[in-house]
Amino acid sequence: MERSVNLNLDDAWDGEIPDTPGVDAREWGPRIRYFAPERLLAEFADRVLAPLPPFVIYGSGDFHHLSGWLVRRVTEPVTLISFDNHPDWDVRPPKWTCGGWINRALECEQVRRAVVWGCGNFELNWPSRIFGNRRVAVHAWAERFGPGVRRRFDCMTREDWRGRFGRFAESLAGSAVYVTVDLDCLRAEEAVTNWENGLFTAEDVAWAIGMLREHCRVVAGDVCGAHSPPRLERWTQRLASWWDHPKLSSADDVGKVNARALSVIWPAMVG
C-alpha cells in the first residue's frame, strides 16, 4: 500500500513528485478553497480524503483546513504538531477556514492537543490575539515581536529554538503525532506562498521532523503551502480572500523554489 500521495487541487506543484502518486481533485479546488460549508467539506472528505494514504501533499495554504479532516482519520490519541507562520486559531466565523481550522481539529476526541511552531505574524499582537483559541500552544519567533508578545508567549529565537524543540520531542516519547507543514513557515528565500513567510529553513523543518521520528511515532501528516493563483467558486470566498490575503508579488521561479524545499522536507515526513 502506498504511504503518500500528491492531492492536486490547484496545480500548485509543477510536474510529478518522485515516489508520490497523484490524485486529480482540481474540480473540487475552487469549491473548497479558503473556506467552505461543513456539509461540502464532509462530502469531499468522504469521496476524496478517506481512501488516501497517511501522508498527503496538497496545494496552497488556502486549503490548510483540510488538515482538520485528514487528522480525523487517525484512530488513536494523537498530538497535532503544525509548522506554520500563522497559528490558524481564529475563533470567528466561518467555521471551516484555513485561518481557524485548528479549532476544528481540537474538537476531535482523538486530538489531545495542538502545538504550532514558527509563528511570526500579527495574530499574536494585541488586539488580534483576543480572537485566538488559548488551547493552542504557540511557539513564536522573538525576532518578529515586541517585548510584550515575547514575554506572553515565551518566544523562541533562532539561537535557542532547536534546544527547545528537542526537549519538546523528548516530552512526547513513544506517543503518536500528526505533523502538518505549511510552507509559509519558511523564510521568503525558500518558499513562495500565498501568505506571509516565517523564519524556518527547509533543513530546520526536516531536522525537527527527524527529532519527532526519533522520539515519537509520526503516524500521519501533510505538507501544503505552495503558491497558486486563487480560483474561487463563490463570491463570498472571493470577497473574503481579497480582504484577508496579503498583497504579495510572486517570483518567476515559483516551481523550482518550492520544489527544492519539498525535496528536503518530504523525505523526512514520509520516513
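The values are calculated or read from the model by the stated rules, or taken from the named source; none is laboratory data. Keep in mind the model is a prediction, meaning the values are calculated, not measured. Methodologically, a virtual Cβ is constructed for each residue, glycine included, from the backbone with ideal geometry; neighbour enumeration extends over all protein chains shown. Accessible surface areas use protein heavy atoms only, side chains included; no ligands, DNA or RNA. Shrake-Rupley method; radii C 1.70, N 1.55, O 1.52, S 1.80 Å.
Just how many % of Cα pairs in the range 92-147 lie over 13 Å apart, if you round to the nearest whole percent?
Roughly 64 percent, rounded to a whole number.
Return one quarter of the surface area of the convex hull spanned by the alpha-carbon atoms of the range 134-207, equal to its mean projected area, in nm².
6.0 nm²
Dividing the alpha-carbon radius of gyration of the range 1-138 by 2.2 N^0.38 Å (N being the number of residues), what value is obtained?
1.05
I'd like to check one number: the per residue accessible area of the range 34-127, probe 1.4 Å, reported in Å² as a whole number.
Accessible surface, normalised per residue, equals 34 Å².
Give me Rg/Rg_expected for the range 121-164, where Rg uses Cα atoms only and Rg_expected = 2.2 N^0.38 Å with N residues.
1.14
Whenever you get a sec, compute what percent of the accessible area on the chain sits on carbon and sulfur atoms (1.4 Å probe).
Its accessible area is 52 percent carbon and sulfur atoms.
Of I57, I130, which has the most accessible area and how do the rest follow, probe 1.4 Å?
Sorted by accessible area, descending: I130, I57.
Between R187 and K247, what FRET efficiency follows from the Cβ-Cβ distance if R0 is 22 Å, with the result rounded to 0.05?
According to the calculation, E is roughly 0.70.
Excluding ligands and nucleic acids, what accessible area in Å² is computed for L262 using a 1.4 Å probe, to the nearest 10?
Taking all protein chains as shown, L262 has close to 10 Å².
Provide, as a two-decimal number, the C-alpha radius of gyration of the chain over 2.2 N^0.38 Å, N being how many residues it has.
Dividing the Cα Rg of the chain by 2.2 N^0.38 Å gives 0.92.
Mind pulling the per residue volume of the convex hull built on the Cα atoms of the range 146-271? Å³ is fine.
Looking at the range 146-271, the number lands at 151 Å³ per residue.
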